[in-house]
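The values are calculated or read from the model by the stated rules, or taken from the named source; none is laboratory data. Model, not experiment: these values are computed from the prediction. Quick reminder, even Gly has a Cβ in these numbers, built from the backbone with ideal geometry, and neighbours come from all protein chains shown. All accessible areas refer to the heavy atoms of the entire protein, side chains included, with ligands and DNA or RNA removed. Shrake-Rupley method; radii C 1.70, N 1.55, O 1.52, S 1.80 Å.
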Amino acid sequence: MNIILLGPPGAGKGTQARILEDTRGMVQLSTGDMLREAKDSGTEMGQVVAGVMARGELVTDEIVIGLIREKLETVEAAGFIFDGFPRTLKQADALSDLLSQMGQTLDQVVELRVDDDTLVQRITARSTCASCGEVYNDITKPIPEDGKCSKCGGTEFKRRADDNEDSLKKRLMEYYKQTSPLIGYYYAKGLHASVDGLGEIDEIKGAIAKTLDD
Ligand code: AMP
């Protein structure tokens with residue numbers, strides 16, 4: 001089963017993708033993670049995208065489609081969870097071509113709906129474990145008092161450089177202008193399902209499971 005988690009920054013796509021990996025043996029393909037990896041390892045492409053990401057703009061379709069193509073060609077999985085990809089109609093068409101070349105299909109697109117005030121609150125309070133990527137929130141899910149990640153025991157936590165108010169505004173605008181048309185695109189393909197992304201992580205997990213298993 002191949003699915004897309006669709007939603008604005010802070011909707012909970014990464015958190016729910018990690019849960020699906022743990023519970024269903026699926027593999028998360030996050031273009032944001034791939035781009036941050038390229039940036040941190042200082043590759044030529046990483047240097048090109050660093051400024052674009054810091055400003056909250058979108059990286060070119062060619063770069064992200066290339067990253068996804070490479071993963072699809074090399075990673076074996078019971079199914080893929082596309083997280084943060086596709087973000088444009090061109091990327092959506094490319095994904096459909098890539099999957100059909102592999103004899104695979106896209107089975108479901110789950111949109112996580114969260115209001116803008118909550119997104120801003122979540123993003124500005126967000127940090128992640130530097131070792132395993134577990135996501136924390138200063139208010140709703142603080143780092144444990146002993147300073148150790150509840151998932152892996154790691155003791156280093158980081159905040160994303162683009163999790164600040166200015167680039168968040170730009171990222172939200174990019175979402176509404178370039179990515180939200182994908183809701184209609186996938187609705188027309190009969191693949192769209194919508195889940196309330198507010199509330200407890202477990203409740204949202206349950207709602208996603210229901211749409212995937214129905
Ligand atoms: P994310 O981790 O998904 O929030 O992505 C962080 C940043 O990486 C975005 O603000 C974009 O600059 C870039 N990015 C990630 N995925 C894509 C994509 N599919 N298309 C274009 N840019 C992307």
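Note on the range 22-62: among residues that are open to solvent by less than 40 Å² (accessible area, probe 1.4 Å) and over 15 Å from the mean Cα position of the chain (by Cα), the one that is farthest from the ligand (Cβ to nearest atom) is G42.
Please enumerate the residues belonging to the range 121-134 that are in contact with a helix residue (DSSP H, G or I) (Cβ under 8 Å, 6 or more places away or on another chain) and open to solvent by 50 Å² or more (accessible area, probe 1.4 Å). The answer is T124, and nothing else. The conditions of being more than 15 Å from the ligand (Cβ to nearest atom), surrounded by 15 or more Cβ atoms within 10 Å (Cβ to Cβ) and at pLDDT 95 or above are not met by I65. Going by what's in this entry, would T140 be described as under 24 Å from D22 (Cα atoms), at pLDDT below 90, of a type in the set (V, I, T) and open to solvent by 50 Å² or more (accessible area, probe 1.4 Å)? Yes.
Residue under question is L72, and the condition is that it be hydrophobic (A, V, I, L, M, F, W, C), part of a loop (DSSP other than H, G, I, E, B) and more than 10 Å from the ligand (Cβ to nearest atom); does it hold? So L72 fails the test. When the range 149-174 is limited to residues that are of a type in the set (S, T, Y) and outside any helix (DSSP H, G or I), the one that is farthest from the ligand (Cβ to nearest atom) turns out to be T155.
When V75 is tested against (1) in contact with a strand residue (DSSP E or B) (Cβ under 8 Å, 6 or more places away or on another chain); (2) crowded, with 16+ Cβ neighbours inside 10 Å, only condition (2) is not met. Just the residues that are under 24 Å from R126 (Cα atoms) and open to solvent by less than 50 Å² (accessible area, probe 1.4 Å), please, taken from the range 164-193. Hits for the range 164-193 are S167, L168, R171, L172, E174, Y175, T179, S180. Within the range 82-107, residues that are touching a residue at least 40 places away in the same chain (Cβ under 8 Å) sit with their Cβ atoms under 8 Å from residues that are among the basic types (K, R) and surrounded by 14 or more Cβ atoms within 10 Å (Cβ to Cβ), at 6+ positions apart or across chains, in these pairs: D83/K13; G84/K13. Across the range 8-44, the number of residues qualifying as among the polar types (S, T, N, Q) and more than 23 Å from L198 (Cα to Cα) comes to 3. The set of residues in the range 78-102 that are open to solvent by 10 Å² or more (accessible area, probe 1.4 Å), at pLDDT 95 or above and hydrophobic (A, V, I, L, M, F, W, C) comprises L89, A94, L98. Take S41 and decide whether it is without any contact (Cβ under 8 Å) to a residue 24 or more places away in the chain and touching a Leu at 6+ places or on another chain (Cβ under 8 Å). The answer is no for S41. Within the range 135-174, the residues that satisfy the criterion of being touching a helix residue (DSSP H, G or I) at 6+ places or on another chain (Cβ under 9 Å) and among the hydroxyl-bearing types (S, T, Y) are T140, S167.
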